Amino acid sequence: MKLRCISCGATPASAAQDFRCTVCGDLLEFFFPGSTSDALSFDAATLKSLWLNRRTSREALDQSGVWRFRELLPHVASPEEHVITLREGNTPLYRLPRCARATGVENLHAKHQGMNPTASFKDTGMTVAASSAHQGGFRWVACASTGNTSASMAAYAARGNMRSLVLIPDGQISWGKLSQSLDYGALTCQLRTDFDGCVRILNELVRQKPVYLLNSVNPYRIEGQKTVAIELMEQLAWEPPDHIIVPGGNLGNSSAIGKALLEMRELKLISRLPKLSIIQAHGANPFYRSVREFGGKKLEPMTADTLATAIRIGNPASWKKALRVLQATGGEVEEVSEVEIAAAKAEIGADGIGCEPASAVTLAGLKKLRRSGFVKSGEGVVLILTGHLLKDPDFTIKFHRGDLFAGLSAIGSPDAAEVAQTKHLRRAPIVLDADLGAVIAALDGAERN
């Protein structure tokens with residue numbers, strides 16, 4: 001695999017410290033020279049068999065749900081020495097029967113990336129990028145983060161005996177996520193700015209210090225993250241769904257999944273492309289506005305504000321990559337409100353599958369796509385859930401207690417009637433005397449409801 005600029009097409013032999021093209025300043029990506037099928041010495045059937053057989057292997061690389069697909073990943077010299085793995089990937093595909101009934105979609109699944117080692121999808125990309133840093137002999141790795149990236153990076157750095165630096169926006173991160181990076185030994189700096197301000201400082205830092213950048217502008221991250229789509233197709237017996245729906249934050253994940261879909265079709269691993277759709281929160285919707293207002297010709301950064309902290313990003317780095325896969329797959333982009341996100345999160349939870357708020361935009365977006373007719377009732381849909389429920393437990397507790405939407409002046413106070421419609425989804429604790437009769441009465445009341 002070789003590097004290529006997504007805009008000017010330059011093909012540098014290696015990447016600069018900030019992973020930007022030295023000719024035009026845009027992002028880099030990996031590609032197979034020539035046609036993809038010519039670059040590999042395996043046909044589709046052989047690859048499928050090889051990947052399936054590795055599932056019973058005891059080798060560390062084969063037990064990873066990322067490195068098991070290493071024929072489609074950048075080469076790592078001396079994998080035994082440099083690959084850092086926590087057995088990432090291998091995440092479950094769940095049916096969502098209650099959500100299916102609520103949306104009128106008969107065949108609805110969720111691919112739960114929150115079941116990764118550090119409880120988010122970031123691990124699939126981090127194993128490849130951190131291994132690249134280790135192979136390069138870096139002592140320090142760094143990222144700007146709203147939480148999930150920092151947790152993942154710190155864990156993989158610790159496993160690889162590297163030091164990690166985390167830049168987070170002050171007061172704009174879930175403590176559940178921050179606790180992970182602290183426990184994994186990261187040097188954590190809370191900057192008085194937003195996520196995009198942290199990114200700016202990080203880019204300046206890596207140009208001056210021998211620090212390896214591990215945000216999603218790093219093309220190694222994208223290569224690792226694309227394996228979720230490969231694993232998903234394998235779980236579906238290589239029969240693609242009609243739709244894959246992804247949360248939209250910095251847009252690296254949607255770019256990675258779309259890249260994998262295009263490569264798999266070229267390799268004849270799949271016969272058709274699912275429609276890849278991207279959902280953003282209304283308070284953090286620069287990509288939605290780019291597509292709807294400007295036809296994707298430009299993106300205007302914004303000051304992002306949403307309770308779904310994982311996607312609270314106003315200037316997504318990978319928007320051009322995301323636009324390309326959106327257009328290539330015929331997908332759609334939507335925005336959803338804070339109340340719609342909270343309601344969808346509770347509905348996913350009612351199916352026994354917990355997720356962080358940012359993941360729930362997928363179900364909220366699906367409802368809108370159903371109403372518009374973009375998704376039909378008989379079509380197969382897979383929601384990508386990016387993070388675990390316990391990434392942001394405060395959100396969940398506040399929703400069920402009924403005080404989640406108090407004081408949302410920055411985002412805009414939700415309509416009271418809209419909030420009231422979520423009441424049936426709330427399950428606040430009931431405070432009772434230590435009396436059997438009181439418990440039985442509560443049980444009988446719940447049965448009637």
Which one of these is open to solvent by less than 10 Å² (accessible area, probe 1.4 Å), at pLDDT 95 or above, closer than 26 Å to GLY314 by Cα and assigned to a loop (DSSP other than H, G, I, E, B): THR118, THR124? THR118
Quick one: which helices (runs of 4 or more DSSP H) lie wholly within the range 212-315 and hold at least 3 residues that are closer than 30 Å to LEU50 by Cα? 219-225, 227-235, 252-266
One residue from LEU390, LEU404 being in contact (Cβ under 8 Å) with a residue 60 or more places away in the chain and either open to solvent by less than 30 Å² (accessible area, probe 1.4 Å) or under 17 Å from LEU276 (Cβ atoms) (or both): LEU404
Could you run through the range 352-384 and say how many residues are open to solvent by 10 Å² or more (accessible area, probe 1.4 Å) and either of a type in the set (Lys, Arg) or farther than 23 Å from ALA237 by Cβ (or both)? 10
Filtering the range 177-206 down to residues that are surrounded by 20 or more Cβ atoms within 10 Å (Cβ to Cβ) and touching a helix residue (DSSP H, G or I) at 6+ places or on another chain (Cβ under 7 Å) yields LYS177, GLN180, SER181, TYR184, ALA186
The range 69-99, residues that are aromatic (Phe, Trp, Tyr) and either touching a Ser or Thr at 6+ places or on another chain (Cβ under 9 Å) or surrounded by fewer than 17 Cβ atoms within 10 Å (Cβ to Cβ) (or both): PHE69
Looking across the range 50-68 at residues that are among the polar types (S, T, N, Q) and exposed (fewer than 12 other Cβ atoms within 10 Å of the Cβ), the single one that is farthest from PRO117 (Cα to Cα) is ASN53
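The values are calculated or read from the model by the stated rules, or taken from the named source; none is laboratory data. Computed from a prediction, not measured in an experiment: that's the story for all the values here. Neighbour counts are summed over all protein chains in view; Cβ atoms, including those assigned to glycine, are modelled from backbone coordinates with ideal geometry. Keep in mind that these areas ignore ligands, DNA and RNA; they rest on the heavy atoms of the full protein, side chains included. Shrake-Rupley method; radii C 1.70, N 1.55, O 1.52, S 1.80 Å.
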